[in-house]
1. If I go through the stretch 16-73 residue by residue, how many of them are in contact with a helix residue (DSSP H, G or I) (Cβ under 9 Å, 6 or more places away or on another chain), open to solvent by 80 Å² or more (accessible area, probe 1.4 Å) and polar (S, T, N, Q)?
2. Picking from R186, R180, which residue would you name as being more than 20 Å from L94 (Cβ to Cβ) and either free of Cβ contacts under 8 Å to residues at least 24 places away in the same chain or of a type in the set (D, E, K, R) (or both)?
3. Only one residue in L58, L94 is farther than 30 Å from N147 by Cβ, outside any loop (DSSP other than H, G, I, E, B), within 15 Å of the chain's Cα centre (by Cα) and in contact (Cβ under 8 Å) with a residue 60 or more places away in the chain, so which one is that?
4. Consider V71 carefully, then state whether it is part of a strand (DSSP E or B), under 19 Å from E90 (Cα atoms) and not basic (K, R).
5. Filter the stretch 139-157 down to the residues that are surrounded by fewer than 21 Cβ atoms within 10 Å (Cβ to Cβ) and among the hydroxyl-bearing types (S, T, Y) and list them by number.
6. Please state which one of W107, W160 is surrounded by fewer than 22 Cβ atoms within 10 Å (Cβ to Cβ), in contact with a Leu (Cβ under 9 Å, 6 or more places away or on another chain), among the aromatic types (F, W, Y) and touching a residue at least 60 places away in the same chain (Cβ under 8 Å).
7. Looking for whichever is modelled with pLDDT of 95 or more, within 27 Å of H174 (Cβ to Cβ) and open to solvent by 70 Å² or more (accessible area, probe 1.4 Å) here; the options are E101, E76. Which one fits?
Amino acid sequence: LFRSDLPERQDEVVVCPMTGEQQHSYAEELSRARNEWLEADAADSHRSIHLLTALQRLRQIANGAGKMSAVFERLEQLRGTHHKVLLFSEYVSLLERVGQEMSQRGWHYDLLTGQTRQREAVIAHFQQTQDCQFFLISLKAGGVGLNLTAADYVFLLDPWWNLAAEEQAIARAHRIGQHRPVFVYRFVSENTLEQQILTLQQRKQTLIDSVMPFMGLAQ
């Protein structure tokens, strides 16, 4: 995972308490997902697809106000320093919310998604512009090939099923040409399936097998 020819890398999981409204929405969605699973015919070929759809809804609730508060608390600590930050998410909608908040605060940032035109110009702007501290990048757009060594902080806003995809994102900054230590923050909402995803990353389990116990379900 860590190569000797690369600078030091420090990883931290940031557990984010949800707001009361988030907790209520999450509990309702979790209950609905359980009921849908239990009511479906075990022979239904779409049963697992329905559960995966429910998991996506739960993940989006987990990306709510509680997590945003934790993310911006750490961004505030870096604001105005010489550090630059890459912020990755699977959800473009979440990146847009973060960008809107940054704009309201008068912060400069760049955004890279699958819809971005003139990718090279956007990348060059972030790399070369000192007062543009933040780069919001979608998982789809942030794959192999991006060299973003101007950044020495990586924020993973939501954990992904595939650890390799997460490592590819981190490698945009933690790569040959990086001369500073790289700090990686993984933001995980407390008491949600996001914590289960971290467990899944370390095991040879399917997604369904991993999250079923968390959701109080049996196959």
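1. The qualifying residues number 2.
2. On the way: R186 fails: more than 20 Å from L94 (Cβ to Cβ).
Sole residue among the options that is more than 20 Å from L94 (Cβ to Cβ) and either free of Cβ contacts under 8 Å to residues at least 24 places away in the same chain or of a type in the set (D, E, K, R) (or both): R180.
3. Details: L94 fails: farther than 30 Å from N147 by Cβ.
Unique residue meeting the criteria: L58.
4. Values: part of a strand (DSSP E or B): no; under 19 Å from E90 (Cα atoms): yes; not basic (K, R): yes.
The answer is no for V71.
5. T149
6. W160
7. Working: E101 fails: open to solvent by 70 Å² or more (accessible area, probe 1.4 Å).
Within the list E101, E76, the selection yields E76.
Listed here are the residues, each with its yes/no results for (1) out of contact with any Leu (no Cβ under 9 Å at 6 or more places or on another chain); (2) part of a helix (DSSP H, G or I).
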{"residue": "P7", "(1), (2)": "yes, no"}
{"residue": "A33", "(1), (2)": "no, yes"}
{"residue": "D44", "(1), (2)": "yes, no"}
{"residue": "I49", "(1), (2)": "yes, yes"}
{"residue": "H82", "(1), (2)": "yes, no"}
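The values are calculated or read from the model by the stated rules, or taken from the named source; none is laboratory data. Here the structure is a predicted model, which means the values were calculated and not measured. FYI the Cβ positions are ideal-geometry reconstructions off the backbone, even for glycines, and counts take in every protein chain you see. Calculation scope for accessible area: heavy atoms of the full protein, side chains included, ligands and nucleic acids excluded. Shrake-Rupley method; radii C 1.70, N 1.55, O 1.52, S 1.80 Å.
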